[in-house]
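What follows is a short report on a single structure.
The values are calculated or read from the model by the stated rules, or taken from the named source; none is laboratory data. If you're wondering where the values come from, they're calculated on a predicted model, not measured in any experiment. Cβ placement follows ideal geometry from the backbone for every residue including glycine, while neighbour counts extend to all protein chains displayed.
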Amino acid sequence: MKYKTLGKTGFEVSEISLRTWQVGGRWGSKFDHVHESLIREAIDNGVNFIDTADVYSDGESEKLSGRQ
């Protein structure tokens, strides 16, 4: 995985991010174990830039991401 510095923050973030609209959104069926597996797989492969938003089913994407 390649990383870049995020602006002036000094944080090194992965060039590939995981967008979590599908995790907390209202699209399709909700299977927490599948979503947690998706997030864990991304992290295990070096992704440390996870895009969440509180509007994704009232913060569900943050809750699932935070457990990983």
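Of the residues making up the stretch 50-68, those that are surrounded by fewer than 19 Cβ atoms within 10 Å (Cβ to Cβ) and under 20 Å from residue 13 (Cα atoms) number 6.
Could you tell me whether residue 57 is at pLDDT below 85 and under 10 Å from the mean Cα position of the chain (by Cα)? The answer is no for residue 57.
The rows are residues; the columns are (1) modelled with pLDDT of 85 or more; (2) over 14 Å from the mean Cα position of the chain (by Cα); (3) among the β-branched types (Val, Ile, Thr).
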residue	(1), (2), (3)
20	no, no, yes
26	no, yes, no
30	no, yes, no
33	no, yes, no
65	no, no, no
